[in-house]
Amino acid sequence: MKKYIAALVSILALATSCDDFLSKENPNAIESEYFFKDENSLVIYTNSLTRSWVPEIIDFVNGDRYTDTHGWDGKYNFYTDNYDVDDMTSWSWSFLRSVNYFLEHMGEADVEKDIHDHYEGVGRFFRAMFYIGKVQQIGACPYYDHTIDPKNKEDLYKARDPRSYVCGKILEDLDFAATHCSGDAKYRNRSTYVNKYVALAYKARFCLFEGTYRKYHEIDHSTGKPWTAEEKAEGQKYLNECVRACEEIMNSGLYGLIDNPANRATQYRDLFTNADGCANLTKEFIFARDYDATYNVNNTKYSINDYMLNAQHAQYAFNRDFVMTYLMLDGTPFTSLYPGTDYYKATFQEECVGRDLRLAQTMRTPGFTRAKGTVHYAPDLVYSKTGYQPVKWLYDQTDLDEINSPTYTDVPLMRYAEVLLNYAEAKAELGECTQAVWDSTIKLLRERAGVKSIYPTSADPYMVQYFLGEVTDPIILEVRRERGIEMTMENIRQQDIRRWHMGELLVKQKTGMWIPAIETELDLDGDGNVDNMVSAKVSEKSGIHVLTINYNGSTLSGMGTTLSEGNKGYILPYTANQKDYRWEEKKYLYPVPASSVTLNDNLDQNAGWEK
């Protein structure tokens with residue numbers, strides 16, 4: 001943080017000391033000879049890149065809200081027919097210009113070769129991050145490894161480079177960063193600096209994405225054409241590169257899971273509510289956004305507690321289909337306890353007994369209290385419309401519940417747990433997830449959650465159904481189960497669903513907890529007191545029962561929420577919005593902005609989005 005403040009001071013000093021700055025031929029040019037002098041100037045510049053790239057905590061947590069794991073209040077237009085190319089406006093390249101400018105001028109700093117190579121690796125890491133975002137959003141795109149001269153029409157009106165070419169350049173940059181960035185302790189001391197292992201971890205994430213995308217998608221959505229044989233074969237290469245990157249991290253011995261058997265009922269949630277996780281939990285945090293009370297650096301939007309509790313700002317809720325994926329402590333599926341699909345009629349109390357310990361650390365379950373207090377907090381059906389209310393990021397301190405209360409939860413952008421999951425999945429997709437691989441990855445994660453590890457030899461019918469019957473490999477299904485549970489609300493589920501070619505899950509009707517009867521008092525926290533009441537009236541327009549929910553004196557009426565069987569059943573939230581949702585193949589990519597296509601005749605549109 002001190003270095004970040006120093007960067008601002010240096011930039012201001014630069015601007016005020018150059019009297020003739022505004023009279024220069026190009027007033028937008030930063031005169032590098034005044035800035036890139038020594039290692040400190042490289043630190044200042046790359047710190048600014050870090051701060052520009054890492055997300056705020058609210059943006060990070062919000063990343064999963066429109067996925068299969070969550071029910072979200074309000075309509076998401078991208079899932080409807082109302083979204084078209086005119087709605088796409090994100091086409092910014094300013095961050096890339098900052099990165100390329102750094103890479104072109106950093107050599108002016110007087111530093112030793114190893115220092116130079118480290119910071120070149122940092123710059124190339126951020127260029128890779130920029131293009132990963134572009135590829136995942138729009139696919140093929142113009143690739144630039146240099147700053148663009150405003151007079152260079154060839155650059156300004158360039159056509160898109162093929163997806164395979166751009167991905168190859170991303171991999172080159174990540175390989176350079178993983179090779180040349182230092183892994184010394186001074187770059188790992190608070191998990192906030194780009195280092196060798198950060199580069200390796202993000203390389204693994206990218207390679208897993210691209211490898212599985214090539215496997216499960218028959219076409220390149222930029223062109224609408226099938227992959228060439230070479231492009232399809234590259235999928236295997238990316239999976240193998242993912243394996244190699246993960247193995248290098250795992251074999252380093254520098255990282256591991258935070259696991260104390262005595263703390264297993266709380267330690268998972270502690271990762272996401274710790275006010276100084278970067279300093280105290282570095283073993284598991286590979287890369288993080290560091291909020292720090294010492295420097296009064298806190299999240300600058302709503303308090304995370306306010307977002308978790310106040311329906312005015314957000315309505316977080318988990319989808320019951322996802323809740324059903326949590327295993328029993330003995331390692332068996334919860335759904336196997338019931339014949340057929342009777343598990344959908346399980347009461348909330350029945351769902352919460354003997355389950356994976358992460359369930360109670362991810363959402364409110366009977367007995368949930370805050371700050372080890374005696375006050376029980378039941379799921380709030382007014383706020384959390386499915387009834388499955390998150391607590392994963394919720395501070396225990398109730399004095400932080402008000403809007404704009406400063407909170408300092410560090411954001412783990414990359415955890416060692418994900419490295420284990422990436423490794424297991426890549427191995428499973430390659431047909432190489434042996435018992436030894438399982439024991440070094442999935443077993444560790446499940447045992448930390450109190451779950452008995454069972455190497456899968458047959459597919460769980462519920463998981464086959466969950467993934468629409470498209471996947472039957474038992475190991476792949478179990479790795480996906482584990483990934484969903486361990487990484488929920490950590491901003492990767494949207495891309496997981498897209499790379500698996502499972503877009504239909506994004507628009508599937510969300511479901512909530514089972515309500516055995518209307519006009520019946522509910523005790524969802526198990527403390528013997530009534531906390532929720534569900535009533536219903538028949539809508540004159542639709543003829544269906546529309547719910548009125550009362551939670552400790554707060555009331556929600558209407559909102560299109562119904563029960564699956566009229567006056568009983570599982571909650572069907574936001575039916576008025578969900579009925580408009582549909583998935584189309586073209587939506588695996590966003591469109592290129594219409595304005596950009598109009599201005600540049602060389603830019604073509606993604607398949608299916610042409611006007």
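The values are calculated or read from the model by the stated rules, or taken from the named source; none is laboratory data. A quick note: this is a predicted structure, and the numbers were derived from the prediction, not measured. Cβ atoms come from the backbone with ideal geometry, glycine included; neighbour counts cover every protein chain shown. For accessibility, only protein heavy atoms count, side chains too; no ligands or nucleic acids. Shrake-Rupley method; radii C 1.70, N 1.55, O 1.52, S 1.80 Å.
Every condition in (1) at pLDDT 85 or above; (2) out of contact with any helix residue (DSSP H, G or I) (no Cβ under 8 Å at 6 or more places or on another chain) is met by Gln509 except one, and the failing one is (2). Inside segment 473-495, residues that are open to solvent by 10 Å² or more (accessible area, probe 1.4 Å) and free of Cβ contacts under 8 Å to residues at least 60 places away in the same chain make up a count of 5. Go through segment 301-348 and give me each residue that's in contact with a Ser or Thr (Cβ under 8 Å, 6 or more places away or on another chain) and basic (Lys, Arg). Correct list: Arg320 only. If you go through segment 437-478 and keep only what is closer than 30 Å to Asn260 by Cβ and among the small types (Gly, Ala, Ser), you end up with Ser440, Ala449, Gly450, Ser453.
Note on segment 505-534: residues that are surrounded by fewer than 19 Cβ atoms within 10 Å (Cβ to Cβ), over 31 Å from the mean Cα position of the chain (by Cα) and part of a loop (DSSP other than H, G, I, E, B) total 10. Residues that are over 13 Å from Phe176 (Cα atoms) and among the basic types (Lys, Arg) within segment 98-129 comprise just one, Lys113.
For Gln435, state whether it is open to solvent by 30 Å² or more (accessible area, probe 1.4 Å), modelled with pLDDT of 95 or more and of a type outside the set (D, E, K, R). The answer is yes for Gln435.
Screening Asn299 against (1) modelled with pLDDT under 90; (2) assigned to a loop (DSSP other than H, G, I, E, B); (3) within 24 Å of Tyr423 (Cα to Cα) leaves a single unmet condition, (3). Note on segment 83-100: residues that are within 24 Å of the chain's Cα centre (by Cα), of a type outside the set (Ser, Thr, Tyr) and not in a helix (DSSP H, G or I) amount to 3.
Restricting segment 571-611 to residues that are basic (Lys, Arg) and under 15 Å from Asp86 (Cα atoms) leaves a set whose member that is most open to solvent (accessible area, probe 1.4 Å) is Lys611. Within segment 363-385, is there a residue that is surrounded by fewer than 19 Cβ atoms within 10 Å (Cβ to Cβ) and part of a strand (DSSP E or B)? Yes, that holds for at least one residue.
Each row is one residue, and each column tells you yes or no for (1) outside any helix (DSSP H, G or I); (2) touching a residue at least 12 places away in the same chain (Cβ under 8 Å); (3) touching an Asp or Glu at 6+ places or on another chain (Cβ under 8 Å).
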site	(1), (2), (3)
Asn305	no, yes, yes
Met308	no, yes, no
His313	yes, yes, yes
Phe322	no, yes, yes
Thr325	yes, yes, no
Gly331	yes, yes, no
Thr335	no, yes, yes
Gly340	yes, no, no
Tyr344	no, yes, no
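Out of all the residues in segment 203-222, is one or more more than 29 Å from Ala288 (Cα to Cα), at pLDDT below 95 and open to solvent by 10 Å² or more (accessible area, probe 1.4 Å)? No, because not a single residue in segment 203-222 is more than 29 Å from Ala288 (Cα to Cα), at pLDDT below 95 and open to solvent by 10 Å² or more (accessible area, probe 1.4 Å). Taken over segment 54-82, the criterion of being in a helix (DSSP H, G or I), open to solvent by 40 Å² or more (accessible area, probe 1.4 Å) and more than 23 Å from Pro406 (Cβ to Cβ) is satisfied by Asn77 alone. Of the residues making up segment 208-230, just one is in contact with a Cys (Cβ under 9 Å, 6 or more places away or on another chain) and in a loop (DSSP other than H, G, I, E, B), namely Ser222. Within segment 220-231, can one find any residue that is within 29 Å of Leu49 (Cβ to Cβ) and over 19 Å from the mean Cα position of the chain (by Cα)? Checking segment 220-231: at least one residue is within 29 Å of Leu49 (Cβ to Cβ) and over 19 Å from the mean Cα position of the chain (by Cα). In segment 333-353, the condition of being among the acidic types (Asp, Glu) and open to solvent by less than 20 Å² (accessible area, probe 1.4 Å) is met by at least one residue.
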